[in-house]
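Where a number appears in this text, it was derived from the coordinates with a stated rule and is not lab data. The shown structure was predicted, so the numbers you read here are calculated from the model rather than taken from an experiment. When we count neighbours, we look across all protein chains shown, and the Cβ atoms used for this are built from the backbone with ideal geometry, even at glycine.
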2 protein chains.
Amino acid sequence: MGKQPKSAISPTRQDDYPEWYQQVIKASDMAERSPVRGCMVIKPWGYALWENIVQAMDAMFKETGVKNAYFPLFIPLSFMQKEADHVEGFAKECAVVTHHRLEKNERGELVPAGALTEPLVVRPTSETIIADAFSKWINSYRDLPIVLNQWGNVVRWEMRTRIFLRTSEFLWQEGHTAHASREEAWERTMMMLDIYARLAEEYLAMPVFKGRKTAAERFPGAVDTLCIEAMMQDRKALQAGTSHFLGQNFARASDIKFQSAEEREEYAWTTSWGASTRLIGGVIMTHGDDDGIILPPRVASAQVVLLPIFKKEDERQAVMAYTESLAKELKACRYNDRPITVEVDPRDIGGARGWEWIKKGIPLRIEIGSREIRENAVFLGRRDKPHHERVALKREAFVAEIPGILDDIQNTLFARALSYRTENTVTIADKGDFYDYFTPRNLEKPEIHGGFARSGWCGDAACEARIKEDLTVTIRCLPFDAGEPAGRCISCGKPGQHHAVFAKAY
Amino acid sequence: MGKQPKSAISPTRQDDYPEWYQQVIKASDMAERSPVRGCMVIKPWGYALWENIVQAMDAMFKETGVKNAYFPLFIPLSFMQKEADHVEGFAKECAVVTHHRLEKNERGELVPAGALTEPLVVRPTSETIIADAFSKWINSYRDLPIVLNQWGNVVRWEMRTRIFLRTSEFLWQEGHTAHASREEAWERTMMMLDIYARLAEEYLAMPVFKGRKTAAERFPGAVDTLCIEAMMQDRKALQAGTSHFLGQNFARASDIKFQSAEEREEYAWTTSWGASTRLIGGVIMTHGDDDGIILPPRVASAQVVLLPIFKKEDERQAVMAYTESLAKELKACRYNDRPITVEVDPRDIGGARGWEWIKKGIPLRIEIGSREIRENAVFLGRRDKPHHERVALKREAFVAEIPGILDDIQNTLFARALSYRTENTVTIADKGDFYDYFTPRNLEKPEIHGGFARSGWCGDAACEARIKEDLTVTIRCLPFDAGEPAGRCISCGKPGQHHAVFAKAY
């Protein structure tokens, strides 16, 4: 593995968390900034992770009757305006198409030409254009429910961007459903939130709080926004998926009416729900250490890398043959209902090779040299253990046990993340304690603060706003698992209506 | 199945092929025009077909070492201009983003605001932005080859659109590779063409000619464009996939240089290759009949529909139980390496139900009533047979044979399409015969002409252009399977350099 630096990534998380995040992505070769402002290039190692997340989500969606569909990238400006809160929420970040041709001007420069009669907005989300389709498709209660999902790209022109977490273009899924009753729409809103929570916890090994957003944090146009919130290692919260109960707001705005079984004309009840490539940022910040990314086995871009070692040229053939036959054997094994994904890296670049794979976060590294062949063994390094802690295993035993080993890593990552969150989540009843908790401990590293605080809130938006202004701390959610009574409002001291989770957030 | 109309789709293919195409899509519920000019909404039945095509292609790509990645939707105007032929080819159909915000004007109307310093083009294809990335990623021959693919949407502002065949936005994949040698790049260009041909023939049951495009029909910026061309039932050609050998054109334009093993600085050799939702149009026009779409089983949106029939309410429970247990049993069967996809349609809407599924083109319809339960049987209708030709089969026999039945349909569809193409492809040596062949037989139905003509061509662009002007017929490809000697040029009579396939085209 070559000489060990103190840690592979500089700076460390402790020294400069935001810069660590940029460096860890660079070192993993997952993605990079593009020359287009605020947009990213997702490279194969990052995209493979996204493909696995997509596959897991898509399968869970389909189990509940979701069908995929595809709607246009462009939304007529007039559609955006139909729901007042909605357009208000998105107007400041809309990319607008105004022309459909390029022409040379008199100086020979290419300029936009063919002005459109009505400008088109590049979708920041598709509620309005899908509502328009629903209004045409739905006539009777027999046409309901409609339960669709779209995989695609959206654009929100963000001023401050960070790869995966906040980019002007990102990949996501957006589900859109229409129902005959409030109850059914609400049930779907909750069902999809549960799927997001399962995805986060069971696949990404990222524990989440489930809850409702306050009015201030709600999706523009929604009656209620449900969310999952995860804790990153700088103890900030990441909103990792949202499920919106839209009530009849979009149905009214776009005239989605149906004749009920009782022959009354009624507005449909709609929902929408989305999760995005932001989840990749969540994986990185939940599990990464000062040596790089650590990928949870169930979604890892690849699960095992084989590293053949031949000191002398005459060893090469035997080592490569052993490596290739092991690769074949592993690919025939299944984990998490799919074939195990194996990389073979025969490059002769010394210790840098092992470190590259550590930085990429691959769960298992297998070294194979003449000794392993002699002993019919493998030399195994696990990404969840210190890199010098490697073990020799008999080949047969390793092949038989690999699903168990991967599960063990998956479980270890979840347990670590959960205990980190537990350590950094406190119930606070006293205002002074609350302000202390969210005041940076070390003014040179303002990123490091307390963590999550569970405190009472009176329900008044003014109290919420004051805390945000004083501490840049927001209510991440009103958690479903509140348990304890709400106590008094942490800001005004009046009796608490809600038990809230407060944190700084991405 | 209810009373039979003469045919379910009006007009028939013979009466008005273009209108038949629109009606057959409408009747299948696959897609519809959107309120956004030239864009389509792909509905679940159409999107499921696309998902299956994507899955088949993606697996074939990955077998050859392709990795997926994602590049920005937006391309800076300056990038588009780097390759002169390229920008020339796409300038007339580029959607241009000029603003990144919406603002209310003094009349309260929402208008574009926040003008961009440099306008952004919504990608019509991604050669230029990917070449920019390659130029940064590639330094040494050790960095090569790079073999990437992107699944996504692109926009080409078409003036005349037709669902699936030509839309302003469409879904596709675009592969982009860079190599150290001409030979390797050429090999990749051919390899991907072969994959498209396999996809078309083995999955879509659509026979294709493989060949090279002439200079006039080449991708803007390419040295060579290879293509697959299929014959639709109006005997027009559909270009169904293209693979471009870009030589060093884009490498020169974007400065993709590397140090060779011999330590010389050289330009890389690049390729690109794409296939799109246009393939769905090809499936429809290759196999559809006057009753609607016929889906090839290997990519069908679903393979079997179960239609429970209960004349009396007291039969319902038994029929539904039998139906559900059969559905479960079928879903546990595999076809083409995947579980069989089953729809259950219990709607009590009479004969319209069976016809809906015929129009959707589902390969197998299974009716289940009290008689079937009594006899432990199924009543089977195959979409490739006349709709009244249905057979009773023992349930066990049906379940055991279903993969064979689906294969039989798949093979029948391919054989039919191949014999149709063979019947309508002729070798023509005489100019008069050639002009007759491409002159509409019936002036009221100008869509119906001869078919494909295999004829000699001298290689002169002027001859090619004359034929295009006279007959709106183009050289679809210079086929790889030419076989016969080229003979004389069908236009000028000089010795033929090439054997060409001529046809009218979509």
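Things to note:
- Quotient of Cα Rg and 2.2 N^0.38 Å for segment A:124-260, N being how many residues it contains: 1.13
- Cα principal axis extents for segment B:165-219, largest first, Å: 35, 29, 23
- With R₀ set to 25 Å, the beta-carbon distance separating B:Asp408 from A:Lys62 gives a calculated FRET efficiency near 0.35.
- Along principal axes, Cα extents of segment B:17-287, largest first, whole Å: 62, 58, 32
- Cα Rg, Dmax (largest Cα-Cα span) when computed across segment A:99-185, Å: 19.1, 63
- Secondary structure note: in segment B:425-503, about 70% of the DSSP beta bridges are antiparallel.
- Helix axis angle, B:182-198 relative to chain B longest principal axis, alpha carbon, degrees: 20
- Taking the empirical scaling 2.2 N^0.38 Å for compact globular proteins as reference, segment A:357-398 has a Cα radius of gyration ratio of 1.16.
- Straight-line cross-link reach from A:Lys136 at under 19 Å between alpha-carbon atoms covers these aspartates and glutamates, not counting any fewer than eight positions away in the same chain: A:Glu83, A:Glu127, A:Asp255, A:Glu263, A:Glu265, A:Glu266, B:Asp29, B:Glu32.
- Relative contact order computed over chain A (Cα-Cα under 8 Å; 6+ residues apart), in percent: 15
- Annotation: extensible slack from B:Asp470 through B:Thr422 equals 14.8 nm (criterion: 0.36 nm per residue apart, minus Cα-Cα distance).
- Label zone (A:Glu263, point 7 Å along Cα-to-C-beta; backbone nitrogen cut-off 16 Å) within segment A:139-181: A:140-142.
- Applying 1/(1 + (r/R0)^6) with R0 = 22 Å to the Cβ-Cβ distance of A:Arg252 and A:Thr117 gives a FRET efficiency near 0.20.
- When the alpha carbon coordinates of the protein assembly as shown are projected onto the principal axes, the ranges are 96, 81, 70 Å, largest first.
- In order along segment A:475-488, the Karplus-derived 3J(HN,Hα) couplings, from 6.51 cos²θ - 1.76 cosθ + 1.60 at θ = phi - 60°, round to 7, 6, 6, 9, x, 5, 9, 3, x, 4, x, 5, x, 9 Hz, and Gly and Pro are given as x.
- Quick note on segment B:304-406: its Rg to Rh ratio, both from C-alpha atoms and Rh being the Kirkwood radius, is 0.93.
- Globularity index of segment A:364-506, i.e. its alpha-carbon radius of gyration over 2.2 N^0.38 Å: 1.63
- Rg to Rh quotient for segment A:425-503, alpha carbon positions, Kirkwood Rh: 0.96
- Principal semi-axes in Å for segment B:254-333 [√(5λ), Cα gyration tensor, largest first]: 56, 19, 8
- With R₀ set to 45 Å, the beta-carbon distance separating A:Glu103 from A:Ser325 gives a calculated FRET efficiency near 0.15.
- Square roots of 5 times each gyration tensor eigenvalue, C-alpha, chain A, largest first, Å: 43, 29, 24
- Theoretical ellipticity at 222 nm over chain B - DSSP helices of four or more residues, -39500 (n - 2.57) apiece, nearest 500: -10000 deg cm²/dmol
- Acute angle (nearest 10 degrees) that the helix B:127-137 long axis makes with the longest principal axis of chain B, alpha-carbon atoms: 70
- Taking label positions 7 Å along the Cα-Cβ direction at both A:Asp143 and A:Glu202, the computed distance is 3.5 nm, reported to one decimal.
- Per-residue Karplus couplings for segment B:298-309, computed as 6.51 cos²θ - 1.76 cosθ + 1.60 with θ equal to phi - 60°, are listed in order as 5, 10, 3, 3, 8, 9, 9, 10, 9, 10, x, 10 Hz, Gly and Pro entered as x.
- Of the trypsin sites (Lys or Arg not before Pro) found in segment A:322-415, those that fall in a DSSP loop while having at most 15 other beta-carbon atoms within 10 Å are A:Arg347.
- Axis angle, to the nearest 10 degrees, between helix B:461-471 and the longest C-alpha principal axis of chain B: 40 degrees.
- The slack in the chain from B:Lys494 to B:Gln14, taken as 0.36 nm per residue of separation less the alpha-carbon distance, amounts to 169.0 nm.
- Cα-Cα pairs of segment B:8-123 separated by more than 20 Å (percent): 70
- Across the identical copies, the label point of B:Pro346 (7 Å from Cα in the Cβ direction) is separated from its matches by 5.8 nm, in order from shortest.
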